[in-house]
Amino acid sequence: MTYDTNAVLDSLRSVMCGIRTAAPVIPYSRERAASSDIRIGYLHGAPVRRLVITFRGPGCSWVARGGGCFMCGHHAGTTRGKIPTSAEYIAQFSSEIGRYNLDDIQILSIYNSGSVLNPDEVTPAALEAIFSHVRRIPQIRKVVLETRAEFVDRKRLGALKDLLGPDRILTIALGLETSDDRLRTLCINKGCTLKEITRAVSEVNGYCETQLYVLLGLPFLTEREAVEDCIRSVRCAEGLGADEIHIEPLTLQQHTLIEHLYRAGLYRLPSLHSIYSVLREVLPEIRPYVSPFLHMPLPEKIPSGCPSCTSRLIRGLLEDYNFSRDHASLECAPCVCQNDWAAMMEERDPRPIESRIADALSVLKQKGQS
């Protein structure tokens, strides 16, 4: 049986919109940031301390236009369309950055669970005031802004770079997710194409740095397909000229299509062994960073191995590997659960993606989850 791709996508978006609508509305303060934490970042290729501040914003505009990405649970932690004023955004920034000793923090990442460069999500006046503040913090040498590709504008970036001051790096972080347009549409609902992402990277290259995100563990794919897609996508990101590549293994967040598929037994998170497999394949030519699973709101479940090796494997990735990014950091004692992972890697699914999705939606409907 064949399925019309557009009809399948419409069905997926309908389910996603229903999930978003059913998510409870929480009256968050618009003067307090959603979260902040210290992570590893890279300055001229060397590991340094990076402060990540996630604003409490109105949410990604793509949620209202197209339902949002299937794996993303950020919307539940936003103000659900209520845009903080410039003063409220500045209050969020000031109170959050004031919690940290900035003496050894050289990178500042500013996120908003959407697009920082979308003026309908973060007011330009707020961003300009924040950049003026950062200019007075000499320790911070690089600022990272996360955005969707359609909001990348060279003129706007030029104005922000001027505010930041000389000898500072401005990095634009974009979600490539996968190099495959069909998978980006049907498995993620990203709402943009490789051509649009390439345009944004070209707009940035030679002017600002670029940071591209690549997902591991797309729904409707087998473990092997997910690993192979991630490897291809990391190489695509390198080919596009990304200064930094982040592998984002999928996690389980509430109020997402991924959660509904997982609860129905139709999805499993990628194995930690799969992350190691991707890294071993692309090193040393490409040295991606591995996301520490600190999404907002925090995930209910993250990739794992077995009870005997999960903590060791996570520590190996987030501490040892992210610091050195070499093959030696990936060496670890073998575990019996690697046999289970090897068996997963042998699984095959002959059905086309559209058929897999239609069958999954049918199961969700039977279980009352769509």
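The values are calculated or read from the model by the stated rules, or taken from the named source; none is laboratory data. Predicted model only: the values in this text are computed from it and were never measured. So basically every Cβ, Gly included, is an ideal-geometry build from the backbone, and we count neighbours across all protein chains shown. Accessible surface areas use protein heavy atoms only, side chains included; no ligands, DNA or RNA. Shrake-Rupley method; radii C 1.70, N 1.55, O 1.52, S 1.80 Å.
Numbers below:
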item: Accessible area, probe 1.4 Å, largest first, for residues Ile38, Ile357; result: Ile38, Ile357
item: Accessible-area value, Cys69, 1.4 Å probe, nucleic acids and ligands omitted, Å²; result: 20 Å²
item: Rel. contact order, % - alpha carbon contacts under 8 angstrom, at least six apart, the chain; result: 16 percent
item: Computed helical MRE - 222 nm, the chain, DSSP H runs ≥ 4 contributing -39500 (n - 2.57), nearest 500; result: -11000 deg cm²/dmol
item: Accessible area in square angstrom per residue, segment 21-61, 1.4 angstrom probe; result: 46 Å²
item: Accessible solvent surface per residue of segment 159-237, calculated while the other protein chains remain in place, 1.4 angstrom probe, Å²; result: 33 Å²
item: Segment 35-54-segment 112-131 distance, computed between alpha-carbon centres (Å); result: 20 Å
item: Percent accessible area from carbon and sulfur atoms, the chain, protein chains only, probe 1.4 Å; result: 52 percent
item: Heavy-atom accessible area order for His133, His75, largest first, 1.4 Å probe; result: His133, His75
item: Estimated translational D of segment 196-285 in µm²/s (Stokes, Kirkwood radius over Cα pairs; 37 °C; 0.692 mPa s); result: 230 µm²/s
item: Free-standing Cys, the chain [no other Cys Cβ under 4.7 Å]; result: Cys17, Cys60, Cys187, Cys192, Cys208, Cys230, Cys236, Cys332
item: Accessible area (Å², 1.4 Å probe, nearest 10) - Ile302; result: 60 Å²
item: Residue-normalised accessible area of segment 280-369, given per residue in Å² at a 1.4 Å probe; result: 55 Å²
item: Pairs of lysines in the chain (C-alpha under 27 Å apart; 8 or more residues apart or interchain); result: 11
item: Among Pro350, Pro119, Pro284, residue whose mean-square fluctuation peaks in a GNM of the chain (springs only between Cα atoms under 10 Å); result: Pro350
item: With DNA, RNA and ligands ignored, accessible area of Asp229 (1.4 Å probe; Å², nearest 10); result: 0 Å²
item: Space enclosed by the convex hull of the alpha-carbon atoms of segment 1-134, per residue, Å³; result: 142 Å³
